[in-house]
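Worksheet: the structure to be examined is printed underneath.
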Amino acid sequence: MSPKSKVRSPKLPFVFVNMAMTADGKIATANRAVTSFGSARDCEHLLELRATADAVMAGARTVDSAAINLGPGPAKFRRLRLKKGLMEYNLRVIVSGSGTLDPDAQVFKHRFSPILILTTRRAPKAKLRQLQAIADEVKICGRHEINFRAAFCWLREKWGVKRLLCEGGGELNDALFRAGLVDELHLTFCSQIIGGRNAPTIADGRGLRRLAEALPLQIRSFKRIRNEVFAVFGRPTRR
Ligand SMILES: NC(=O)c1ccc[n+]([C@@H]2O[C@H](COP(=O)([O-])OP(=O)(O)OC[C@H]3O[C@@H](n4cnc5c(N)ncnc54)[C@H](OP(=O)(O)O)[C@@H]3O)[C@@H](O)[C@H]2O)c1
């Protein structure tokens with residue numbers, strides 16, 4: 001959403017991020033033991049968003065810290081996908097720049113759709129071989145850092161990804177925000193406080209240094225459902 005992102009390659013997918021956070025802005029507890037705190041409605045919301053995406057993406061710590069499969073969920077969501085002309089099962093993309101992703105993570109036990117891993121040359125050869133054995137494709141997208149713009153063009157060109165849903169965590173989101181690659185942010189505000197200086201937030205990683213560099217957002221919608229608020233932010237419209 002940065003000014004430089006105004007010049008977007010037509011080959012990039014539409015990228016939207018979906019996160020749930022507590023009233024104090026955390027996405028997990030500091031010890032990372034609590035990974036889910038949204039309501040059943042929030043879970044449904046997540047699956048509804050997945051049902052509009054060609055691919056669902058997450059960072060290595062999100063994937064290996066919980067029993068998640070990044071899939072479309074129950075049959076009613078898969079029917080929705082087919083009705084929209086999407087593949088019944090979304091592609092899955094995992095980001096692991098140095099290849100620390102746990103090969104025993106639950107996601108690899110569910111083989112309903114291709115699993116693609118984005119990594120860098122930092123990943124040791126032995127790790128790469130391990131990941132190549134369990135993923136459908138491991139793509140090296142940079143020497144030290146992932147070039148997400150190039151990676152997303154590749155996802156669009158090779159795998160036909162037109163809508164890419166990113167589900168965190170904070171480190172991955174931060175890189176995408178800084179690269180100006182996020183078109184829309186879906187945020188569920190949950191009515192809890194969990195505190196903790198080291199608890200992750202929706203955008204951790206390196207962050208920005210000056211307010212002038214802050215990414216401007218515009219509220220697209222804001223809806224209260226029972227004890228949660230579902231908000232959508234987009235890029236500011238030009239005047
Ligand atoms: N409440 C929610 O909606 C929600 C959603 C998602 C996650 N979470 C929680 O958030 C926590 C995980 O967040 P996190 O920020 O610690 O981790 P994360 O972003 O999920 O994963 C971090 C790892 O992903 C890779 N990665 C991320 N960004 C990268 C980049 N720009 N370049 C290269 N590699 C990159 C790196 O793997 P390598 O180490 O291999 O380099 C890094 O160590 C978990 O506790 C999870 O439960 C909450």
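The values are calculated or read from the model by the stated rules, or taken from the named source; none is laboratory data. Keep in mind that what you see is a predicted model, and the values were worked out from it rather than measured. Every residue, glycine as well, gets a Cβ built from its backbone with ideal geometry; the counts of neighbours run over all protein chains shown. Surface accessibility is based on the protein's heavy atoms, side chains included, excluding ligands, DNA and RNA. Shrake-Rupley method; radii C 1.70, N 1.55, O 1.52, S 1.80 Å.
Considering all C-alpha pairs of region 119-164, those separated by over 15 Å amount to 49%.
Hey, any idea what % of the chain's accessible area is carbon plus sulfur with a 1.4 Å probe? Intermediate results must be reported in sequence, preceding the final value.
Details: 6570 of 12410 Å².
Carbon and sulfur: 53 percent of the exposed surface of the chain.
On the principal axes of its alpha carbon atoms, the chain extends 45, 42, 40 Å, with the longest extent given first. Computed 3J(HN,Hα) for region 113-118, one whole-Hz value per residue from the Karplus formula 6.51 cos²θ - 1.76 cosθ + 1.60 where θ = phi - 60°, is 7, x, 10, 10, 10, 9, glycine and proline marked x. Taking every protein chain into account, the accessible area of the chain amounts to 52 square angstrom per residue (probe 1.4 Å).
With only the Cα atoms considered, region 137-224 has a convex hull volume of 160 Å³ per residue. Considering only DSSP beta bridges where both residues belong to the chain, give the percentage that are antiparallel (nearest 5). Percent antiparallel among DSSP bridges in the chain is about 35.
Can you compute the helix-only [θ] at 222 nm over the chain? Use -39500 (n - 2.57) per DSSP H run of at least 4 residues, normalise by all residues, nearest 500 deg cm²/dmol. Don't jump to the answer; show the numbers that get you there.
Working: 6 runs with 56 residues, N = 239.
When only DSSP H runs of four or more count, the value is -6500 deg cm²/dmol.
Close Lys pairs in the chain (alpha-carbon distance under 14 Å; sequence gap of 8 or more, or different chains): 7. In this Cβ point-charge picture (+1 for Lys and Arg, -1 for Asp and Glu), the chain has a dipole of about 780 debye about its Cα centre. Summarising the amide proton neighbourhood of Val138: residues at separation of 5 or more, or on other chains, whose placed amide H is nearer than 5 Å comprise Ile117. Taking 25 °C and 0.890 mPa s as conditions, region 1-134 diffuses translationally at an estimated 148 µm²/s according to Stokes-Einstein applied to its Kirkwood radius (Cα pairs).
For all pairs of alpha-carbon atoms in region 90-196, what percent lies in each bin of width 5 Å, listed from the first bin to the last filled one? All Cα pairs considered, the percentages come to 2, 10, 21, 23, 19, 13, 6, 4, 1.
How many Å³ per residue does the convex hull of the Cα positions in region 60-117 occupy?
So the per-residue hull volume is 79 Å³.
Remark on Val17: its backbone amide H falls under 5 Å from those of Cys166, Glu184, Leu185, His186, a criterion applied only to residues 5 or more positions apart or on other chains, H modelled at 1.01 Å from N. Computed from phi, the 3J(HN,Hα) profile of region 37-46 under the Karplus parametrisation 6.51, -1.76, 1.60 (θ = phi - 60°) reads 9, x, 7, 4, 5, 5, 5, 4, 4, 4 Hz, with x in place of Gly and Pro.
Accessible-area rank, largest first, for His186, His144: His144, His186, with all protein chains present and a 1.4 angstrom probe.
Net charge near Asp204: determine it from the other residues with C-beta under 13 Å of the C-beta of Asp204, scoring Lys and Arg +1 and Asp and Glu -1. Mind showing how you got there, number by number?
On the way: positive: Lys26, Arg32, Arg61, Arg178, Arg197, Arg206; negative: Glu171, Asp174.
Net of charged neighbours comes to +4.
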